[in-house]
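A.B. asks: First the structure, which I've put down as C-alpha cells, then a few questions once you've had a look.
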Amino acid sequence: MREVVFLRQNQAKWQHYESVPATGPDELAARFVELTDDLSYARTFYPDSSTTAYLNALTGKLHQALYKNKSMEPGRFASFWRRELPLLVARHHRPLLLALVFFLLSTAIGVLSAAFDESFVRVVLGDAYVNQTLENIERGDPMAVYKGQDESVMFLYITLNNIKVSLLAFASGLLPGLGTGTILFRNGLMLGAFQTFFYQKGLLLPSVLTIWIHGTLEISAIVLAGGAGLVMSRGILFPDTYSRRESFRRAARDGMQLVLGLVPIFITAGFLEGFVTRHTGMPLALSLLIIGSSAGFILWYFILYPFQLHRRLSTDSVASAAS
C-alpha cells in the first residue's frame, strides 16, 4: 500500500484520537492497541517518513495516558492479569515464538546427542545425578529423586531457583541474543538428554507422567522468560523510530512485566514438584488431568486469549472511530 493511501484511510481516525479524549480505560486501551498496529505497519513500510514519526508521537501520548498513575487505579492487580499481561504477550509474540522455536531445536539437539553418545547424558546432567538415578532404577523406583527432601524445603528451593533462572534469562537479554540464547540452549539440551536417558532405559512413559506434572508449567515459564529476554534484546538492537535509550527503556519494562507475570506459574510448578510429583504411584487419570490442565492453561492464557483480546480491542477501536 502506498503511503498516501495508508494516510488517507487512517488520518481521520488518528485526528479523532488526538482531539477527542477516550470515554474510559477500555476505549483508551483499544485506541492504544490500534495505534501500535498502525505504527508497526508504518515502521515496516515507511520507516523514515513523517507519518511514522507522527504515529510514534501519538502512540507515546496514549501510552503515557494509559499507564499514568496506574498504581492507584482500583482493580489494578486484576487488570494486570486480565488485560495488560495478555496484551504484552500479543504485542511481543515474535520474540516469544523465537524463544520457543530455539528451545525446541535445542531439545532436539539434546535428544540426538544423547541417542548417539550415551556418555553425553553424564556431560549434561552430571555423574552424580545419573548414578543416583541408575541406582533408583535398579531398586524399582526410578523417580525416587523427587522423594529425597522434605516437601516444604523442596518447594521453597525449587520455586526460588526457578524464579532466579527466569530473572537470569531475562537479564541476559542485555547481551543481545547471546546470554538468553545460551540459557535456553542449555535448558533445552538438558531436557532432550534427560528424556532420551529414560527412553533408553524403557521408562519414557513413567518419566513423562511423573516429571511433566510440574514440568509443563516450569518449562513453559522458562521459555517465556527467555522470550522476555529477547524482547529486551530486540529493543537494544532494533530501536526503530525511538532513540536507542528510549527503545531499551520500553523493552526492558515490557520484558520485566512479562517475567513478573510468570512468578505465580513458578510458584505453582514448585508446589507441584514439592508436594505432588513425589507421589509416583498416583492414578494415571490424575497425572493426565494435572498435565493436561497445565498445558491447557498455558495454551489458552499465553496463545489464544492474548490474540482474542487484541483482536477484540482492535475491532472495538475501529468501530469507535467510525462512529
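A.B. asks: Give, rounded to the nearest 20 debye, the magnitude of the charge dipole that the chain has about its Cα centre when Lys and Arg contribute +1 at Cβ and Asp and Glu contribute -1 at Cβ.
C.D. replies: Numbers: 28 positive and 24 negative charges, 173 e Å.
Magnitude of the dipole: close to 840 debye.
A.B. asks: While we're looking at this one, here's another question. Please list 3J(HN,Hα) in residue order for region 119-127, calculated via the Karplus relation 6.51 cos²θ - 1.76 cosθ + 1.60 where θ = phi - 60°; whole Hz, with x for glycine and proline.
C.D. replies: Per-residue couplings from phi come out as 6, 4, 4, 5, 5, 7, 9, x, 5 Hz.
A.B. asks: Follow-up. How large is the translational diffusion coefficient of region 55-195 in µm² per second when you combine the Kirkwood radius over alpha carbon pairs with Stokes-Einstein at 10 °C and 1.306 mPa s? Don't skip to the end; give the middle numbers.
C.D. replies: Details: Rh = 18.9 Å.
Here the translational diffusion coefficient equals 84 µm²/s.
A.B. asks: Still on this structure, please answer the following. Relative to the longest principal Cα axis of the chain, at what angle does helix 284-299 sit, 0 to 90 degrees, rounded to 10?
C.D. replies: 20
A.B. asks: At 1.306 mPa s and 10 °C, plugging the Kirkwood radius over alpha-carbon pairs of region 203-323 into Stokes-Einstein gives what diffusion coefficient in µm²/s? Each step should come with its number before you reach the end.
C.D. replies: On the way: Rh = 16.9 Å.
Rounded, D is 94 µm²/s.
A.B. asks: Magnitude of the Cβ-charge dipole of region 236-323, K/R +1 and D/E -1, about the Cα centre, nearest 20 debye?
C.D. replies: On the way: 8 positive and 5 negative charges, 42 e Å.
Roughly 200 debye for region 236-323.
A.B. asks: Using +1 at the C-beta of Lys and Arg and -1 at the C-beta of Asp and Glu, which of 198, 152, 293 has the Cα lying farthest in the positive direction of the dipole of the chain?
C.D. replies: Comparing the listed Cα positions along the dipole, 293 ranks first.
A.B. asks: A further question on this structure: Quick check for the chain: number of Lys pairs with alpha-carbon distance under 25 Å, counting only pairs 8 or more apart or on different chains? It would help to have the intermediate numbers written out before the result.
C.D. replies: Details: 13/61; 13/68; 61/70; 147/164; 147/201.
Step by step, the pairs that qualify in the chain add up to 5.
A.B. asks: How far, in degrees from 0 to 90, does helix 25-45 lean away from the longest principal axis of the Cα atoms of the chain, to the nearest 10?
C.D. replies: That works out to roughly 90 degrees.
A.B. asks: Next question. For the chain, what relative contact order do you get, as a whole percent, if you take Cα pairs closer than 8 Å and at least 6 residues apart? Present the calculation step by step, with values, prior to reporting the outcome.
C.D. replies: Working: 363 pairs, mean separation 87.2, N = 323.
Computed over the chain, the figure is 27 percent.
A.B. asks: Under the Karplus relation 6.51 cos²θ - 1.76 cosθ + 1.60, θ = phi - 60°, what is the ordered set of whole-Hz ³J(HN,Hα) values for region 179-193, x standing for Gly and Pro?
C.D. replies: Values per residue, Gly and Pro as x: x, 5, x, 5, 5, 4, 5, 5, 5, x, 4, 5, 4, x, 5 Hz.
A.B. asks: How much of the accessible area of region 170-215, in percent, comes from carbon and sulfur atoms when a 1.4 Å probe is used? Numbers along the way, then the final one.
C.D. replies: On the way: 1420 of 1880 Å².
Answer for region 170-215 is 76 percent, counting heavy atoms of protein chains only.
A.B. asks: Another question, then. If you count only protein heavy atoms with a 1.4 Å probe, what accessible area per residue comes out for the chain, rounded to a whole Å²? Write out the running numbers ahead of the final one.
C.D. replies: On the way: 16540 Å² over 323 residues.
Heavy-atom SASA per residue in the chain reads 51 Å².
A.B. asks: Then there's this: State the extension gain, in nm to one decimal, for the chain segment bounded by residue 204 and residue 9, taking 0.36 nm per residue of separation less the distance between their alpha-carbons. Write down the numbers at each step before the final one.
C.D. replies: On the way: separation 195, 0.36 × 195 = 70.20 nm, distance 5.67 nm.
Using 0.36 nm per residue and subtracting the Cα-Cα distance, I get 64.5 nm.
A.B. asks: Provide the three semi-axes, in whole Å and in decreasing order, of the ellipsoid equivalent to region 110-159 as defined by the square roots of 5 times the Cα gyration tensor eigenvalues.
C.D. replies: Numbers: eigenvalues 121, 44, 14 Å².
After scaling each eigenvalue by five and taking roots: 25, 15, 8 Å.
A.B. asks: Same structure, new question: Of all the accessible heavy-atom surface of region 241-302, with the other protein chains kept in place and a 1.4 Å probe, what percent is carbon and sulfur?
C.D. replies: Roughly 74 percent, rounded to a whole number.
A.B. asks: While we're on this one: I'd like the Karplus ³J(HN,Hα) series for region 13-21: coefficients 6.51, -1.76, 1.60, θ = phi - 60°, whole numbers in Hz, and an x wherever there's a Gly or Pro.
C.D. replies: So the J values, rounded to whole Hz, are 5, 5, 5, 5, 4, 6, 9, 10, x.
A.B. asks: At a temperature of 25 °C and a viscosity of 0.890 mPa s, determine how fast the chain diffuses translationally according to Stokes-Einstein, using the Kirkwood radius over alpha-carbon pairs as Rh; express D in µm²/s, rounded to the nearest whole number.
C.D. replies: Numbers: Rh = 21.9 Å.
For these conditions, the coefficient is 112 µm²/s.
The values are calculated or read from the model by the stated rules, or taken from the named source; none is laboratory data. Just so you know, these numbers come straight off a predicted model, no measurement behind them. Ideal geometry is used to build each Cβ from the backbone, glycine not excepted, and the neighbour counts take in all protein chains shown. All accessible areas refer to the heavy atoms of the entire protein, side chains included, with ligands and DNA or RNA removed. Shrake-Rupley method; radii C 1.70, N 1.55, O 1.52, S 1.80 Å.
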